Amino acid sequence: MRYESPKTTKEAVTLLSKEKGKTFVLAGGTDLLVKLRMDMIEPDLMIDIKRIPAMNEINKTATGFKIGAAVSGRQLGASKALAKAWPGVVEATNLIGSDQIQGRCTMVGNLCNASPAADSVPAMIAAGAKAVVVGKAKRRAVAVENIVTGPGQTSLAKGEIIEAITLPKRPAKSGDAYLRFIPRTEMDIAVVGVAVSLTCKRGVIDSARVSLGAVAPTPLLVKEAAAAIIGTKLDKEALENLAAACSAACNPIDDKRGTVEYRVRVAGVLAKRAANIAFERAGGKK
Amino acid sequence: MTGVHVSTSINGDPVEYVCPADESLLDVLRDRVGLTGVKEGCGTGDCGACSITLDGALVCACLVLGAEAEGRKVTTIEGMGDGEKLHPLQRQFIDNAALQCGVCTPGFLIAAKSLLDENPDPTVEEIRYALAGNLCRCTGYDKIVRAVQAAAKDLRRQKK
């Protein structure tokens, strides 16, 4: 295996496209280096992106926020502006692993590892986040929900790398939240994860996005669930409709963490709770 | 396998080594630099026995490549005390009998120091969450939490 630590995204893309062997991008390494150690992967080249200055920054832009692909959970949690605008996204990312893992793990790594149970991904999807995908010929913005195509699979082409995640500007009266269910109090993999982001106008939910994790081969954007609460003040009926839409969208597996029936039901319960938190954060009153 | 030449700082001292590109910083520290205070537990980032700090951030050395340490600042348990003088956390771990076999202890001390550097007066809950990435199969954790509380008190008193 060769190890390279390019200084620019362009250099990283060139390395990625030129290498004929198996190439992996190293951000925090909290998934990749475990796979390396367990002999699940045999890289010919590993490209460390942490020496690329642009990938280490959190920037407030005219259109929202831009978070570099190498920004750790710890750095993310320390950004007051981000925590104020997108508390759900920050909380979801900070739920990944221990403090030791937070010192290394990244949102983009969480996304590209493409686990159905990734905590930060539903929060990003609900937030309407986009991935800045850079290839040899062009750069494109891809909605986060279109990155993961299956467990461990992404839509990135050979030679493409995600440079950053962008989060849109937040209108007034907006809130987001992410909740996951785990059998322990911390340090576990989601049995179900639910993210809700919404904006209110005159006390009524004007727009919303709902995303589910760990209940299908990929994290899901559930439009029916958003439709169930748009135009409401999140009354009891709206919440029940939201829960029903979330449960209906689930296509989970049975495993040691939970059964199909359990996951389907819990998705609805958590959706109601996450929606209540997001509504409260948006200043909504029932 | 191509060797990678690395110049780094470990516990304030400049250190150079050559390691294979896929070798973990944990293996480098133990087998090349001779700092065996950093322990290998799981090797997958679950147990925290190999906790160190890298440019001030608490990390598991098993989930860092040796090659990544180039130009960074690494601190390990060996850099915690001041010569023969133990750090208040080390002293309180002994006084509170917060260890039995001792394999997890360096990791706990590094993680606890990282917590107290940021939060000098943590609650029991905050201590338990901050140490959730460190596993101990001997003590049942209570004595560790008490030792951290006592050391926090010592450190606050020292600062006054």
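Here, each number is a calculation from the coordinates, and none is a lab measurement. None of the values given here were measured: they were computed from a predicted structure. We place every Cβ from the backbone using ideal geometry, glycine too, and count neighbours over all the protein chains shown.
For peptide A:28-34, compute the average count of partner chain beta-carbon atoms within 10 Å of each residue's beta-carbon.
Average neighbour count from other chains, rounded to a whole number: 6.
What helices does chain B hold that run 15 Å or longer along their axis, going by alpha-carbon atoms, with a Kyte-Doolittle average of -0.5 or more, using DSSP H for the helix calls?
Qualifying helices: B:105-118.
Can you tell me which of A:197-206, A:112-121 comes out highest on packing, and rank the rest after it, using the mean Cβ neighbours within 10 Å?
Result, highest mean Cβ count within 10 Å first: A:112-121, A:197-206.
Search the structure for amide H atoms under 5 Å from the amide H of A:Ser207, placed 1.01 Å from N in the peptide plane, and list their residues when 5 or more places away or on another chain.
Those qualifying (amide H under 5 Å, at least 5 residues apart or on another chain) are A:Thr199.
With chain A treated as a Gaussian network of Cα nodes joined by springs under 10 Å, which of A:Thr185, A:Thr23, A:Thr218 yields the largest mean-square fluctuation?
A:Thr185
Taking the highest mean first, how do the peptides B:150-157, A:91-98, A:124-131 order by number of other beta carbon atoms within 10 angstrom per residue?
My ranking of the peptides, most packed first, is A:124-131, A:91-98, B:150-157.
From the P(r) of chain B, can you give the percent of Cα pairs sitting at distances over 29 Å?
Within chain B, distances greater than 29 Å cover 18 percent of Cα pairs.
In whole Hz and in residue order, list the ³J(HN,Hα) couplings for segment A:80-93 that follow from phi through the Karplus curve 6.51 cos²θ - 1.76 cosθ + 1.60, θ = phi - 60°; x for Gly and Pro.
Rounded to whole hertz, the list is 5, 4, 5, 4, 6, 7, 10, x, x, 5, 5, 4, 4, 5.
Could you estimate the translational diffusion coefficient of segment A:174-281 from the Stokes-Einstein equation, with Rh from the Kirkwood formula over C-alpha pairs, at 20 °C and 1.002 mPa s, in whole µm²/s?
The Stokes-Einstein estimate is 158 µm²/s.
How big is segment B:88-159 by Rg and Dmax over its Cα atoms, in Å?
10.9, 34
Using Stokes-Einstein with the Kirkwood hydrodynamic radius over Cα pairs, what translational diffusion coefficient do you get for segment A:66-175 at 20 °C and a viscosity of 1.002 mPa s, in µm²/s rounded to a whole number?
So the translational diffusion coefficient is about 152 µm²/s.
Put one equal scatterer on each alpha carbon of segment B:3-79, apply the Debye formula with no solvent term, and list log10 I(q)/I(0) at q = 0.17, 0.28 1/Å to two decimals.
Taking Cα atoms of segment B:3-79 as identical point scatterers yields -0.53, -1.55.
Using the crude model of +1 on Lys and Arg Cβ and -1 on Asp and Glu Cβ, and no other charge, please compute the dipole size for segment A:192-236 relative to its Cα centre, in debye to 20.
Value, rounded to 20: 160 debye.
Can you pull the Rg over Rh of the protein assembly as shown, Cα-only, Kirkwood?
Rounded to two decimals, Rg over Rh is 0.99.
Would you mind checking the tilt of helix A:9-18 against the longest principal axis of the Cα atoms of chain A, expressed as 0 to 90 degrees and rounded to 10?
Value to nearest ten degrees: 70.
Summarise the partner chain shielding of A:193-204 as one whole number: the mean count of Cβ atoms from other chains within 10 Å of each residue's Cβ.
0
Can you compute the charge dipole magnitude of segment B:27-67 about its Cα centre, using +1 on each Lys and Arg Cβ and -1 on each Asp and Glu Cβ, nothing else charged? Give it in debye, rounded to the nearest 20.
My answer is approximately 100 debye.
Counting only other chains, what is the mean number of Cβ atoms within 10 angstrom of the Cβ of each residue in peptide B:19-27?
3
Using the Cα centre of chain A as origin and beta-carbon charges of +1 (Lys, Arg) and -1 (Asp, Glu), tell me which of A:Val266, A:Val142, A:Val34 is placed farthest towards the positive end of the dipole.
After comparing all options, I get A:Val142.
If the only charges are +1 at each Lys and Arg Cβ and -1 at each Asp and Glu Cβ, what is the size of the charge dipole of segment A:174-281 around the Cα centre, to the nearest 20 debye?
For segment A:174-281, the charge dipole is close to 180 debye.
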